[in-house]
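Asker: The structure that follows is given in the form of structure tokens.
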């Protein structure tokens, strides 16, 4: 606790040095590394967290911290920097209509079937996709793989564990809870854990979407979920990512995006199939 207070005190002490130049520099470094466009009202976040990170490295300012990052492009410190600015708002079966479409679609595809949760956060979306696979297909453990990826290393660690507070699954049916989750006991009271039978469908990776070298190979995915994520990129990056998604999808493959995202006017390589669902033409 004392260390936390010291870090926060340091961050507050550096607030006077946080100039418009520094804010702009943070935004530029973040965009170059992750493609994320820094939103408004982030000044307090920058002061508090980046100031503390600088202190951890015995650096005297946020600008010195940015200098450090740029001198060490392969440093694990980059993960901590990017994680501060990622948004991990997710839930099991969020945007329910997408999973109804998925349940109807999967039985029409030939195995092997590959799906990708491209902004998996703490895993709820990818595990929801796996539940649909079990409920709509025969023996999905044979021939169905789900890649769950995110740029946020802390979020992926949570996803890999598959352990959640009980209130995170309160919206699920009793049938799904019994089939796919184990209830915590003792010191794990109030927690649930994803069963291994569900987890076995998933592979977890840290993937930076703007780094094409980290992407799956072309024509390998039947389904991609990338929801409420592209809105954090600029238009040029959005178009580039949509074109890459189309190349990764198999002919007839589906891309699911968020309820506030509409990209039909940006690209001709994907066509709108339904509400925020796009298809790569066969």
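Asker: Could you look through region 77-104, keep only residues that are assigned to a helix (DSSP H, G or I) and over 26 Å from residue 174 (Cβ atoms), and pick out the one that is farthest from the chain's Cα centre (by Cα)?
Answerer: At the first step, the residues of region 77-104 found to be assigned to a helix (DSSP H, G or I) are 77-83, 96-104.
Imposing the further condition that a residue be over 26 Å from residue 174 (Cβ atoms) reduces the set to 77-83.
Working: 77: 19, 78: 16, 79: 13, 80: 15, 81: 16, 82: 12, 83: 11 Å.
Selected residue: 77.
Asker: Hey, any hits in region 236-255 for a residue that's in a loop (DSSP other than H, G, I, E, B), in contact with a helix residue (DSSP H, G or I) (Cβ under 8 Å, 6 or more places away or on another chain) and surrounded by 14 or more Cβ atoms within 10 Å (Cβ to Cβ)?
Answerer: Initially, region 236-255 is screened for residues in a loop (DSSP other than H, G, I, E, B), giving none.
No; the residues of region 236-255 include none that is in a loop (DSSP other than H, G, I, E, B), in contact with a helix residue (DSSP H, G or I) (Cβ under 8 Å, 6 or more places away or on another chain) and surrounded by 14 or more Cβ atoms within 10 Å (Cβ to Cβ).
Asker: Are any residues in region 162-180 closer than 15 Å to residue 125 by Cα and either surrounded by 13 or more Cβ atoms within 10 Å (Cβ to Cβ) or not assigned by TED's automatic domain parsing to the domain that holds residue 129 (or both), and if so, which ones?
Answerer: Residues satisfying the conditions are 162, 163, 164, 168, 169, 172, 176, 180.
Asker: Just give me the residues in region 181-198 being touching a residue at least 40 places away in the same chain (Cβ under 8 Å) and either on the phi > 0 side of the Ramachandran plot or buried (at least 17 other Cβ atoms within 10 Å of the Cβ) (or both), in sequence order. Please lay out each step first, then the result.
Answerer: Taking region 181-198 as the starting set, the residues that turn out to be touching a residue at least 40 places away in the same chain (Cβ under 8 Å) are 194, 197-198.
Passing the criteria: 194, 198.
The values are calculated or read from the model by the stated rules, or taken from the named source; none is laboratory data. Not measured: the values here are computed from a predicted model. Heads up, the Cβs are rebuilt from the backbone with ideal geometry, glycines too, and the neighbour counts pull from every protein chain shown.
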